[in-house]
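Trainee: Questions regarding the structure given below will be posed in turn.
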Amino acid sequence: MKEKLVLIGNGMAGVRALEELFKHNTSSDKGSDLYDITVIGAEPHPNYNRIMLSPVLAGEQTINDIILNTSEWYEENGIELVTGDPAIEISRIQKSVITESGKNIHYDRLLIATGSTPFIIPVPGADKEGVLGFRDIHDVQTMVKASREYKKAVVIGGGLLGLEAANGLMKQGMDVTVVHLLDSLMERQLDKPASALLKASLETRGMKFLMEASTAEIVGDKRVSSVKFADGSEVEADLVVMAVGIRPDIELAQKAGIHCQRGIVVNDTMQTFDPLIYAVGECVQHRNECYGLVAPLFEQARVAANHLAQVGSTRYIGSMTSTKLKVTGIDLFSAGEFNEEEGDEVLQMQDVASGVYKKLVLKDNVIKGAVMFGDTMDGTWYFSLMRDATNIADFRRTILFGQHDLGDAGHGEASAVMSLPDDAEICGCNGVSKGNIVQAISKNGIFTLDEVRAHTKASSSCGSCTGLVESILASTVGEGYDATPSKKAVCACTDCSHDEVIDAIKDHELKTMDAVRQFLEWKTPDGCAACRPALNYYLLARWPEEYQDDAQSRFINERAHGNIQKDGTYSVVPRMFGGLVKPNELRAIADVCDKFEVPEMKVTGGQRIDLFGVKKEDLPAMWKDLTDAGFVSGHAYGKAMRTVKTCAGKTWCRFGTQNSTRLGVKLEELTWGSYMQHKFKLAVSGCPRNCAEATIKDFGVVCVDSGYELHIGGNGGIKVRVTDLLCKVETEEEVLEYCAAFTQKYREEAHYLERTAPWVERVGLTYVKECILDDEAERKALAERFKISQKVAQVDPWKERADGQASHEFTPLKIAG
Amino acid sequence: MNMNALKEELDGDSGMDVWTEVVALDQIPQLGSRVIATDTMNIAVFRTASDEVFAMKDECPHKKGPLSQGIVHGTSVTCPLHNWKIDLASGEALGPDEGCTNVFSAKVENGTVYIAFR
Ligand code: SRM
Ligand SMILES: Cc1cc2nc3c(=O)[nH]c(=O)nc-3n(C[C@H](O)[C@H](O)[C@H](O)COP(=O)(O)OP(=O)(O)OC[C@H]3O[C@@H](n4cnc5c(N)ncnc54)[C@H](O)[C@@H]3O)c2cc1C
Ligand code: SF4
Ligand code: FES
């Protein structure tokens, strides 16, 4: 027998909790494995996207566009849905809920998600016809109807909701005045300069403002005709929208004797004081906070679902929130504590002519708050720096110019996303336009980057357009966009972050994938294509001598030791240490190409030769010939050490200061065979002319007369990033030691699929320097650990397979009989 | 294997499954696959962690990527080319992607894998 779960409140947080609950199913059945579910909703609609009421009011979307869960969804998932019939009583003794129409519904577990109600200022006349809040479909329908019959609207409240209401009513053709009690709009989200810019911008669109006006009375017969203020002045009004705040809807809970303060008080597992009763959403008070944005509510929903599913491994620990205004054409972003206090520092930029304003509040080089107006492209970036408490000292001088100033060859210039036309191509890999993305978001009720990826494929390949997609997401769904949950899980199989996995493997000496999944309570028995390669790598990096690599957890390229091609054939790239090559080696390659009828050969950008279009079953034989000629695998297919690019250097070049080719060969001999979180490339240039492009490599050496400059964290691919200078050393031996130490530091700490460039940006150059430069013992220990892991790693996989290992991988089956 | 011969064998048969022995189970890695080359197509045979076997045409509904080369997890496989997730039992793309690949019945008896061609 399944237990009975009842949800009161058919809104965004409650239904999200049910969706999260279904994800815990162990069978592939729809609905819940554990519960029979009844949902009780006061509104006569299925769950819809409340956030989108603003665009609906503005005529940019229809009610149909914003339905999140259709009636069929409830049916398919076996949910009994009661609409238009509010719950009026909870009997905790009988464990049942009574509705207005007299239904008596038993529960084993109850989830309260009643949201909040708009606060109506208790002035005389507030109950007149034409006075309303802005909360649900009914309110929007009332406003749209009024706009057809009447002309003048007054919106009380110059906050987010008020301005969106005013904008919508204006779009519906009304003459709108916004009345605000204070002297600046959206004072909870904006500082004064940003607020002034916003006001000016709205005024040019025709919105009128009455600032510092305190409403005293709503005047009229049956219907409102004007609003009177404390100073005796008056404005005409046929419609008054009160948007001065919301109150958590706790009436029902309070009546049932559940402990409430401002909201229904819950613990970290979203349980009320009655452990059978959970609560999520705006009606909740958690660690003294009530939230009014969907991102934190969705996190609450996830935790409640986790607990209801009896997994019980997660807790809600509160959220940081950021704000966007959903008024088309106005770019505004705010997060954290944007009004500086004593001891804080402020970075500020203002360009009056182009209407751009940016301000960051820092404490000890960590971002505490941000306000932006006009150009909000980097809002999500600042927000994630803030959430991660990243030390920004290293790029403090340029941070206000945005992330692309750190190096972004891809899309750096496309700043104002919202001004892009619908047919602008956003994702170059998959040919997805801005219009496609916006449509997918509204049609499917999408809130996260992952969902956009799943539905449109945008940002799912090379990732260079991720920033743009995030901006489109943010400006389409407004603040509901949860770019930055309080932590980012490895994949859908777990709630743990990469760091938590890495730490658990180390601290609890977990040595198999099963042990990790069991210890961290993975939701799937054998993971997925995203987490398996990550776990396999983390274990390999931590226990190089003990852990047995799992071929089935490697992406095909690493399993077959060649790059899979679009037609299912493979490419073969033999290693050429430091880019040097001998005539007999070239001959051997030529022979191999003849023998196996290789359709195309090409000199690569990594100073070696690529043989394309090789049939999988030919690989081992081809590798045999190559290894006989002295070649080893080039790992051109791996999240691994790739190439060491070198230039002519002192031996031949008239400018060469050191033997860059010899050093390159030594470095490649040191590092080849090593698996990493991502590809890893090195280069050595013989002088600052830098012909080997060492300053866009993961580890680059630029030789100078007095020694060697060591550069780290460069990237020449999707997002070009120039290296940071680590230090200068005098001897080749030191270069090798520092290289080994840096490589190992990266191998031990970065997240899977995070290249050195984003890793260095995340942890900060200062941190890397501390570990490698300031602490000699630590540097030597790192270098030593690298060498230990290399003992196991430097076994040529091609030779092993040429000798017969993993032959099943390369031999198609013959059917017996 | 010759598919025409197979078809001939099937003619006169009223659509009954004809089980063909393909390989010993332990010749397929757990959470891995093998490829059977036939005259008309390649067929991928997958083995899950719990030793269930599945067989389907080795062609992704997206752009014909060789599914046999993907990562197997639970009872699905992720295509190696562009990460579509395909359900091993039905051959259908999971998630928002749409498309389907032909599947064949497969079973294990006494440590040997059989596939039904019909
Ligand atoms: C063969 C080669 C192109 C060429 O003909 O020159 C090549 C080919 C591929 N590159 Fe590259 N890259 C090649 C040099 C480069 C370079 C230039 C360099 O290394 O000096 C870069 C920019 C430098 C850098 O990495 O910082 C480069 C940046 C990329 C990227 C973007 C990486 C990034 O961090 O932004 C990818 C995608 C990825 O790794 O996720 C990529 C991915 C690929 C893949 C593996 C695509 C894939 O996943 O299947 C291509 C495989 C083709 C194939 O089927 O064999 N390739 N790729 C080059 C092989 C070099 C070698 O000898 O190993
Ligand atoms: C116009 C507008 C714009 C917004 N824009 C944004 C934005 O851009 N970004 C953002 O993050 N957030 C935005 N919000 C806030 C966001 O919509 C809410 O935070 C979110 O909907 C709260 O979810 P909830 O489930 O707690 O409450 P709700 O979604 O309000 O759901 C509660 C439901 O419970 C029902 N209910 C109440 N009492 C009972 C009862 N006794 N019996 C049965 N049912 C009951 C209510 O009728 C309601 O349907 C906006 C809100 C509005 C109104
Ligand atoms: S070789 Fe590199 S740049 Fe060329 S198509 Fe492939 S991934 Fe893109
Ligand atoms: S071919 Fe399979 S995902 Fe593209």
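Trainee: Roughly how many nanometres apart are two label points built 7 Å out from the Cα toward the Cβ at residue A:567 and residue A:500?
Mentor: With each label placed 7 Å out from Cα toward Cβ, I get 4.7 nm.
Trainee: Using R₀ = 45 Å, calculate the FRET efficiency as 1/(1 + (r/R₀)^6) where r is the Cβ-Cβ separation of residue A:625 and residue A:524; round to 0.05.
Mentor: Taking R0 as 45 Å, the efficiency between residue A:625 and residue A:524 is 0.60.
Trainee: In Å³ and rounded to a whole number, note down the convex hull volume per residue for the Cα atoms of the range A:517-602. Could the numbers behind the result be given before it?
Mentor: Details: hull volume 13.7 nm³, N = 86.
Per residue, the Cα convex hull of the range A:517-602 comes to 159 Å³.
Trainee: If the reach is capped at under 16 angstrom between alpha carbons, list the lysines near residue A:145, excluding any in the same chain fewer than eight residues apart.
Mentor: Straight-line reach from residue A:145, under 16 Å: A:171.
Trainee: Over 27 Å between Cα atoms: which of A:506/A:616; A:222/A:255; A:615/B:63; A:326/A:523; A:511/A:745; A:615/A:814 fall into that group? Numbers along the way, then the final one.
Mentor: Numbers: A:506/A:616 37 Å; A:222/A:255 33 Å; A:615/B:63 19 Å; A:326/A:523 36 Å; A:511/A:745 20 Å; A:615/A:814 17 Å.
In this structure, A:506/A:616; A:222/A:255; A:326/A:523 lie more than 27 Å apart at Cα.
Trainee: Across the residues of A:803-814, average count of Cβ atoms on other protein chains within 10 Å?
Mentor: Counting other chains' Cβ atoms within 10 Å and averaging over A:803-814 gives 4.
Trainee: Which FRET efficiency value, to the nearest 0.05, is calculated for residue A:2 and residue B:112 with the Förster distance at 41 angstrom and r the Cβ-Cβ distance?
Mentor: Step by step, r from the Cβ atoms, then E = 0.55.
Trainee: Here is a further query. Quick check on my link table: of A:2/A:457; A:359/A:697; A:639/A:769; A:457/A:566, which ones sit more than 28 Å apart, alpha carbon to alpha carbon?
Mentor: A:2/A:457; A:359/A:697
Trainee: Loop-only check: which GluC sites (Glu not before Pro) in the range B:89-118 are DSSP coil with at most 12 other Cβ within 10 angstrom?
Mentor: Those that pass, being in a loop and sparsely packed, are B:98.
Trainee: Could you calculate the contour length gain from residue A:127 to residue A:461, that is, 0.36 nm times the residue separation minus the distance between their Cα atoms, to one decimal place in nm?
Mentor: Working: separation 334, 0.36 × 334 = 120.24 nm, distance 5.54 nm.
Result: 114.7 nm gained on full extension.
Trainee: Another question about this same structure. Within 10 Å of each Cβ of B:72-78, how many other protein chain Cβ atoms are there on average? Provide the component values of the computation, followed by the final result.
Mentor: Details: counts 5, 12, 7, 1, 2, 1, 5.
Per residue, the average neighbour count from other chains is 5.
Trainee: In the Gaussian network model of chain B, springs joining C-alpha atoms below 10 Å, which of B:55, B:24, B:44 carries the largest mean-square fluctuation?
Mentor: Among B:55, B:24, B:44, the largest mean-square fluctuation in the Gaussian network model of chain B belongs to B:24.
Trainee: What is the distance, in nm, between label points placed 7 Å from the Cα along the Cα-to-Cβ direction at residue A:351 and at residue A:234?
Mentor: The two pseudo-label positions are separated by 4.9 nm.
Only the coordinates and a few stated rules stand behind these numbers; no lab work does. What you are looking at is a predicted structure, and each value in this text was computed from that prediction instead of being measured. A quick note on method: Cβ atoms are made from the backbone with ideal geometry, for glycine too, and the neighbour counts reach across all protein chains shown.
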